1. Does a label point 7 Å from the Cα of I185, set along Cα-to-beta-carbon, have any residues of the range 113-131 with amide nitrogen under 19 Å, and which are they?
2. With a 10 Å radius around each residue's Cβ, average the other Cβ atoms per peptide and rank 252-263, 93-104, highest first.
3. State the extension gain, in nm to one decimal, for the chain segment bounded by T114 and K299, taking 0.36 nm per residue of separation less the distance between their alpha-carbons.
4. So for the range 112-198, averaging the separation of alpha carbon pairs under 8 Å that are six or more residues apart and normalising by length, what relative contact order in percent results?
5. List the pairs from K63/K283; K58/K201; K83/K286 whose alpha-carbon separation is above 30 Å, in the order I gave them.
6. Spin-label point model (7 Å from Cα, Cβ direction): what's the K227 to K311 distance in nm?
7. May I ask you to derive the relative contact order of the range 148-287, considering only C-alpha pairs under 8 Å and at least 6 residues apart, and to give it as an integer percent?
8. Take the Cα radius of gyration of the range 1-66 and divide it by 2.2 N^0.38 Å, with N its residue count; two decimals is plenty.
Amino acid sequence: MKITSYPINKPLKGTIILPGDKSISHRSIIISSIAMGKTKIVNLLESEDVHRTINALKKLGVKIYKKNNHTVVYGKGLNSLKKSKQKIFLGNSGTSARLLIGLLSNQNFNSLITGDQSLSKRPMKRIIDPINAMGGNIVSKKNLLPIAIKANKKMKPIKYRLKILSAQIKSGILLASLNIKGNTIIIEPSLTRDHTEIMLKYFGANIKIRKINKNNIISIRGKKELKSSNIIIPGDFSSAAFFIVAALITKGSNITLKNININPTRTGMLKILLKMKANIKIKNRKIINGEKVGDIKVKYSILKGCKVSSKLAPIMIDEYPILSIAASNALGQSKFFGLKELKVKESNRLASIKNNLKKFNILTKVENDNLIIIPSKSKKKKPILIDSKKDHRIAMSFAIMGLVSSTKVIISDSKYINTSFPNFIKLLNKIGGKII
């Protein structure tokens, strides 16, 4: 499936209500499935990745169904999951895989987790090692999917310092610890997304977080049953990022994004865009289920190039593809440091950004996991063909680039947009985009 993004000669205007946050959607299904009682989830993201998590939990015996505009989950406690009669296929969802490996590691039944061709190439050693250090029994060939999880009720708490700054690894350990007697401690040298901690606290888990010598220390005491709690999921900031950049680089644009998750561990990109002189304001701030939420107002801006420290990479790793589009339309050079993790996403995003930006005559360099972008005023006349490498964020980022290109941009494998943002094209066209 291909899509074509056409240059537009008019501003983007309007108010947008985005689908629910992807990270919170995954966690809301998983955590409510092992809580005691009925949970109602409003604004759950209806994407392929989230449906992989839902289908996995259904196979594990959890009753989940959609009613009107919300999703209902009936949880029966920490020990309520049942052995799946089939292998658990997770498609392209890395979040589902790493979180469920943790959740299933201390059950009294075996599980087999598989994925599609892309997911089967993504590294799982990062979650297998800490889980096995807790006494888990996870077997895989070359630390890749498929992964066999052996029945095990003898796991022990652990004190673990994150070697790779990843919310998925941290979350997998936290989910494993829920059914282990004792206190598990995770040490984060730098902040990563904290949606799991926020939601576990909201569901009554015995979890504490403190700061010691610049380290974030998370401690959780297991064997405490969680209580069902209704959830309203805010709009996804990673999805909002595409619209934010689209408005910033399209002359005359003025848009508002309603009820977006502005959790500080997610909005590193906002800090960078403000540094680039972006006209962005946040209004109507509030707290929903422990998460910070607000409306984001964006106006067209003349952006300036900037440098981004590697310290920010863990909290904005998903936003670098679209941030590279902003940098490509800025005045002056931009440098983004410490992007090693971009190489092991749905594709090698660092290579994809570099190779595709070059097609627009934009000078792009990769030096020691650092990305350098030097904008160009050179115009292309022939259609530009983008190889998305089956990566949803690469596809959406270059669809935005097409709005301000000198020629149409044709993007391959665009069906993978459905893994995270099925109505992306519809919403963008609604405010003035032209993607067919």
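1. Answer for the range 113-131: 130-131.
2. 93-104, 252-263
3. Gain on extension, T114 to K299, equals 62.2 nm.
4. On the way: 114 pairs, mean separation 23.4, N = 87.
The normalised contact order for the range 112-198 reaches 27 percent.
5. Details: K63/K283 38 Å; K58/K201 24 Å; K83/K286 41 Å.
Over 30 Å Cα-Cα: K63/K283; K83/K286.
6. Here the answer is 3.9 nm between the modelled labels.
7. Values: 159 pairs, mean separation 27.0, N = 140.
Once divided by the residue count of the range 148-287, the mean separation gives 19 percent.
8. Numbers: Rg = 17.0 Å, N = 66, 2.2 N^0.38 = 10.8 Å.
The value comes to 1.57.
The values are calculated or read from the model by the stated rules, or taken from the named source; none is laboratory data. Computed from a predicted model, the values in this text were never measured in an experiment. Cβ atoms come from the backbone with ideal geometry, glycine included; neighbour counts cover every protein chain shown. For the accessible areas, the whole protein counts, side chains as well, though only heavy atoms, and no ligand, DNA or RNA atoms are used. Shrake-Rupley method; radii C 1.70, N 1.55, O 1.52, S 1.80 Å.
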